[in-house]
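J.: Okay, here's the structure, questions in a sec.
Every read-out reported here was derived from the displayed coordinates using simple, explicitly stated rules and does not represent laboratory data. Keep in mind that this is a model prediction, so the values were computed, not measured. Ideal geometry is used to build each Cβ from the backbone, glycine not excepted, and the neighbour counts take in all protein chains shown.
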Amino acid sequence: MRSVRLAVPVLVLAALALTGCQPEPGPGETSAAPSAVETPDAQPSSEPSAATPTGEPDPTATPGGDSLPDDCAQAYSADMYERLLAFGELNPDVTYFSSNVGDVNDVIQGSPTLACLWISPEDSAVAMKTTASLISEAHAALLRESLPENFPGCDESAERFSCTREREQTQGAVETETVVLQGDLLVATLGLNAGSELVDEATSDLLAVVGG
């Protein structure tokens, strides 16, 4: 794995670094369990909680009936995919957090997941990672309960539960995070200096393509 020279302090980019699971899939590949590398300095902003709520069915049970695209090219519309390729390199040999919320990382790690990481070739402090995961009803219930504790506001409709936040980090770096639940589909996007507009539009595009 190549190392990346960061343009901002380690604590800024550690906000995106993923720990505690297996190696990230190759470019655009779907995996049953997301990646991981032991990184002592990188920790999510909240402590992961137990993945199985008391009295609920096993949340790690694989949902039935749905599937994820084989690669990131199939997860977006053609226009959005070209836009993201212009934004950054797809799935370079670097590992990032999928979320800064412990419960979200826990659920992603235990679920079938497609991960799409984009990093600017000019500036490694400009990055965005989106993961699409198929999750159980128990996991969805867990996130509906815990997400409002980590986001200033969440919106819920008959079809969708979504939470978004934007936070300024050291040296003016801006972290934008969006988590959306739609049926058994969990989509989490974490951007660093990527811009809230791109994070929102890329997430919405993937939801339209993958979630139908």
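J.: So what J values fall out for the stretch 137-142 if you push phi through Karplus, 6.51 cos²θ - 1.76 cosθ + 1.60 with θ = phi - 60°, rounded to Hz, Gly and Pro as x?
T.: Couplings: 4, 5, 5, 4, 5, 4 Hz.
J.: How large is ³J(HN,Hα), in whole Hz, for each residue of the stretch 162-178 in order, when computed from phi with the Karplus curve 6.51 cos²θ - 1.76 cosθ + 1.60 and θ = phi - 60°, using x for Gly and Pro?
T.: Couplings: 9, 9, 9, 8, 9, 9, 8, 9, 5, 6, x, 5, 10, 9, 10, 9, 10 Hz.
J.: Same structure again: List, in order, the whole-Hz ³J(HN,Hα) value for each residue of the stretch 105-111 obtained from phi through the Karplus relation with A = 6.51, B = -1.76, C = 1.60 and θ = phi - 60°; use x for Gly and Pro.
T.: 3J(HN,Hα) across the stretch 105-111, in whole Hz: 4, 4, 5, 4, 4, x, 10.
J.: Any idea how far apart ALA86 and ALA158 come out in nm if each label point goes 7 Å out from Cα toward Cβ?
T.: If labels sit at ALA86 and ALA158, their model points lie 3.8 nm apart.
J.: Give me the base-10 log of I(q)/I(0) for the stretch 106-212 at each q in 0.14, 0.17, 0.19 Å⁻¹, Debye formula, one uniform scatterer per Cα, rounded to two decimals.
T.: -0.54, -0.79, -0.98
J.: Still on this structure, please answer the following. Could you give the length gained on full extension between SER67 and THR170, defined as 0.36 nm per residue of separation minus the Cα-Cα distance, in nm?
T.: Going from the current span to full extension adds 33.2 nm.
J.: Which cross-chain or sequence-distant (5 or more) residues have an amide H under 5 Å from the amide H of THR113, H modelled 1.01 Å from N in plane?
T.: The list, which skips near neighbours in sequence, is SER31, ALA32, ALA33.
J.: Assuming 0.36 nm per residue, please report the length gained on full extension of the stretch ALA208 to SER196 beyond their Cα-Cα distance.
T.: 2.5 nm
J.: Hey, another quick one. Find the centroid of the Cα atoms in the stretch 76-116 and in the stretch 164-212, then give the distance between the two in whole Å.
T.: Value for the Cα centre distance between the two parts: 10 Å.
J.: In nm, what is the difference between 0.36 nm times the number of residues separating SER77 and ASP123 and their Cα-Cα distance?
T.: In short, 14.0 nm is gained.
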